[in-house]
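Asker: So that we are looking at the same thing, I have put the structure below in structure tokens.
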Amino acid sequence: MHARVTTVNIQPGMMGEAITIFREKINPVAKQQKGCTGGYFLTDQEAGKGISISLWETEADMLAGEESEYLQEQVAKVAHLLTAHPVTEHYEVSVE
């Protein structure tokens, strides 16, 4: 299993809107992607920081979303709330 971890910095006072967008617009689309087994959006409202973690059956499935611009389309949904460019990293899930 593989994980895509994307860290975002949200404008002050906008975390609630970011959470709503992740819940209603990003997660439902993610679940429809080939190989996606689920995801989480972790938040630190005081710091204005969010971490999106999506889990994938294979590395190829995870990377396919980036090659098809799926990831960029999802980031665009929250771009107006960000104070900096998101940082995306890839990991292999070693323990579940």
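Asker: Which of the numbered conditions does LEU63 fail, given that it passes all the others? Conditions: (1) under 21 Å from ILE21 (Cβ atoms); (2) part of a helix (DSSP H, G or I).
Answerer: Of the numbered conditions (1) under 21 Å from ILE21 (Cβ atoms); (2) part of a helix (DSSP H, G or I), the odd one out for LEU63 is (1).
Asker: Please enumerate the residues belonging to segment 38-54 that are of a type in the set (Gly, Ala, Ser), assigned to a strand (DSSP E or B) and surrounded by 15 or more Cβ atoms within 10 Å (Cβ to Cβ). Break it down into steps so the answer makes sense when it comes.
Answerer: Pass one, segment 38-54, residues of a type in the set (Gly, Ala, Ser): 38-39, 47-48, 50, 52, 54.
When the remaining residues are screened for being assigned to a strand (DSSP E or B), the result is 38-39, 50, 52, 54.
If the condition is that a residue be of a type in the set (Gly, Ala, Ser), assigned to a strand (DSSP E or B) and surrounded by 15 or more Cβ atoms within 10 Å (Cβ to Cβ), then GLY39, GLY50, SER52, SER54 are the ones that fit.
Asker: Provide a single number: the residues in segment 41-81 that are of a type outside the set (Val, Ile, Thr) and under 13 Å from the mean Cα position of the chain (by Cα). Talk me through it step by step, then tell me what you get.
Answerer: First, the residues of segment 41-81 that are of a type outside the set (Val, Ile, Thr): 41-42, 44-50, 52, 54-57, 59-74, 76-77, 79-81.
If we keep only those that are under 13 Å from the mean Cα position of the chain (by Cα) too, we end up with 41-42, 49-50, 52, 54-56, 62, 65-66, 70-74, 76-77, 79.
The number of residues fulfilling the criteria is 19.
Asker: Which ones in segment 58-89 are farther than 25 Å from MET14 by Cα and in contact with a strand residue (DSSP E or B) (Cβ under 6 Å, 6 or more places away or on another chain)?
Answerer: GLU59, MET62
Each reported figure results from applying straightforward, stated rules to the coordinates on display, with no laboratory input. Note that the structure is predicted; figures quoted are calculated from it, not measured. Ideal geometry is used to build each Cβ from the backbone, glycine not excepted, and the neighbour counts take in all protein chains shown.
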